[in-house]
Amino acid sequence: MQAKYISYQETNAFSSTVLDYIGKNEKLSPFYKYEPDFTGFTKAIAERNFSADRAILVSTLQKQYSSIHVSSLVKANIELLADKKTFTITTGHQLNIFTGPLYFIYKIVTAINLASDLKQQFPDYNFVPVYWMATEDHDFEEINHVKVEDKMITWNKKAAGATGRLDTSDIAEALAAYKGYLGISENGIKFSKIVDHAYTKNKKLSDATRELVDALFGKYGLVCVDADDHNLKSEFAEIIYKDITEENSFKHISKTNAKLETLGYKAQVNPREINFFYMIDGLRERIIEEKGRYKVMNSSIDFTKEELQEEINSYPERFSPNVIMRPVYQEVILPNIAYIGGGAEVTYWLQLKANFDHYKIDFPILILRNSAMLIDKRSETRMEVLGISHRNLFNEPEALKNEWVKSHVNLQFSLDNEERSIRAVFDQIKLNAYKIDKSLSQSADAAKTKALKLISTLEKKMLRAEKRKHVTSFSQIDNLKEKLFPSGVLQERVLNIAPMIVLYGDDFIDSLITHFKPLDHQFTVLFA
């Protein structure tokens, strides 16, 4: 595959917050600690103060990987985490069935490539790419489906509690539909076996996801972390208690949100007074405080302050952070130097720095994940015929059609010259009128405005009349846009990896590894 690059601004698909962040707009500098470049990493490495028990992290990961065959590189990377000169490069995502949308794949490739780039830049240190599995998430409706081209495959199930703990025994129907799409080609059969083994040989969704992700990325040394663990949560227990009882995250992030809004930025997430859930099998419900007691919503469970302290100390795994506190938990238990996220994630991480400062937890470097558009051979040929480049491909369909008419039809559709002439005529009329009666100059201006509006309307009518003659070409433009922007959004937000695996096999991920450049902050356009 060949790659070309364009700026994120040119895609018209990213928020002003994200564009200002990667553009290093000074307005956002108070909301992060280090710049997303090698200079920032030099400072972050020198100042990172990781105090958690590395031995607990290593032993926990070794236990989590005990049920699958681990590649030598993954095994080595887990062991490297015991070394004080080892840092993690982390990305996180929900446990979408069959990997979900393509951007999940792009997140992980960005983490792998950044770890590799940093090792080259800082050879005395080690950098381990990590996929943080959102095993404690409870939004099953967000992960129970996947779109494969024009077909939606859904895991129909009554689910409650943390998704990582869900039983996969009833996923057979969705699995069969997915394997059916993969078909009987060599690439399809190979991937079908991987997917089948992951979901039929593991009882929990977390374990199935780990095996599938490891099959795709184990050879690159990616380590999957399931933080739904007693020993890991024990290191976070003190902060759990403080934040529930003192509501620190609510106070600090609310102030940050207000500051961001005064600068014209919209908050991505809003904190609650208590940003933790209580979680046992089949239950993950918010904790609220009422009259000095801490109650678990939609249950009969409640605690006094003293009972809460005892419960946290004895069963820290029962306390699950929401999107506000999960980043703090992550940085407590991982020797993390960078977090890689999509636009929405980078935005909400910018809301969190004051809370990190309060708890004296190092704030990681925020990296916008790589984004990509894959253009197949047929689409590339159609682009060449229509005269559409990889840059103007991101324009709206009507703009592309207007450009096509102006470049393919040998007629004059612009009335710019006529407009200039009319302006000159009316300016002279205005001057003559002013000499007769000053009040007449306003009438002259009004007449000029009306005439120019008529010219503009006529120009549009001429263009529309010509466009009606080219139905076939315009239909091709519409089809091209729908192919490359399904449902009108970036391809990566809708499509699954399955079509890419069937068509290109291992070459697809290998090409992403080759062409993604995490610190260049550019959108990647791949030509198959």
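The values are calculated or read from the model by the stated rules, or taken from the named source; none is laboratory data. Note that this is a predicted model, so its numbers are computed, not measured. Methodologically, a virtual Cβ is constructed for each residue, glycine included, from the backbone with ideal geometry; neighbour enumeration extends over all protein chains shown. SASA here: full protein model, heavy atoms, side chains in, ligands and nucleic acids out. Shrake-Rupley method; radii C 1.70, N 1.55, O 1.52, S 1.80 Å.
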Loop-resident trypsin sites (Lys or Arg not before Pro) in region 307-379 with no more than 12 other Cβ atoms inside 10 Å, DSSP not H/G/I/E/B, are K360
Among I143, N202, T163, whose Cα sits farthest toward the positive end of the charge dipole of region 125-202 (+1 at Cβ of Lys/Arg, -1 at Cβ of Asp/Glu, about the Cα centre)?
-> N202
Sorted largest first, extent of region 74-233 alpha carbons per principal axis (Å) = 49, 39, 25
Area accessible to solvent at F14, 1.4 Å probe radius, in Å² = 40 Å²
Rounded D (µm²/s) - region 333-426, Kirkwood Rh over Cα pairs, Stokes-Einstein at 10 °C, 1.306 mPa s = 85 µm²/s
Which ³J(HN,Hα) values in Hz, rounded to whole numbers, follow from the phi angles of region 261-273 under the Karplus curve 6.51 cos²θ - 1.76 cosθ + 1.60, where θ = phi - 60° and Gly and Pro get x?
-> 5, 5, 8, x, 9, 9, 5, 7, 9, 10, x, 9, 4
State the Cα centre-to-centre distance between region 329-356 and region 1-79 in whole Å.
-> 9 Å
For K242 and Q120, compute 0.36 nm times the residue count separating them, minus their Cα-Cα distance, and round to one decimal in nm.
-> 39.9 nm
Stick to Cα atoms and the Kirkwood definition of Rh, then tell me Rg/Rh for region 250-408.
-> 1.20
Residue farthest toward the positive end of the dipole of the chain, with Cβ of Lys/Arg at +1 and Asp/Glu at -1: which of G292, T381, S29?
-> T381
At a 1.4 Å probe, what is the % contribution of carbon and sulfur to the accessible area of region 84-142?
-> 43 percent
Using only the Cα atoms of region 470-528, construct the convex hull and provide its projected area averaged over every direction, in square nanometres to one decimal.
-> 5.4 nm²
In Å and whole numbers, how far do the C-alpha atoms of region 161-298 stretch along each principal axis, longest first?
-> 60, 38, 29
According to the square roots a ≥ b ≥ c of the eigenvalues of the Cα gyration tensor, what is the shape class of region 32-154, taking rounded for a/c under 1.5, prolate for a/b larger than b/c otherwise, and oblate for the remainder?
-> prolate
In percent, how large is the relative contact order of the chain, given Cα pairs closer than 8 Å and 6 or more residues apart?
-> 24 percent
Of all DSSP beta bridges having both residues in the chain, the percent classed as antiparallel (nearest 5) is 50 percent
Volume of the Cα convex hull of region 1-95, divided per residue and given in Å³ = 205 Å³
The chain: proportion of alpha-carbon pairs further apart than 47 angstrom, % = 23 percent
Structure-based [θ]222 nm, the chain - -39500 (n - 2.57) summed over DSSP H runs of at least 4, per residue, nearest 500 | -15500 deg cm²/dmol
Would you work out the relative contact order for region 1-136, in percent, from Cα pairs under 8 angstrom that are 6 or more residues apart?
-> 20 percent
Can you tell me the relative contact order of region 70-205? Whole percent, Cα pairs under 8 Å, sequence separation 6 or more.
-> 22 percent
Of S439, Y178, N392, whose Cα points farthest to the positive end of the dipole of the chain (charges on the beta-carbon: +1 Lys, Arg; -1 Asp, Glu; origin at the Cα centre)?
-> S439
Magnitude of the charge dipole, the chain, Cβ model with Lys/Arg +1 and Asp/Glu -1, debye to 20 = 1920 debye
Other-chain or far-sequence residues with amide H under 5 Å of I301's (modelled H) | V296
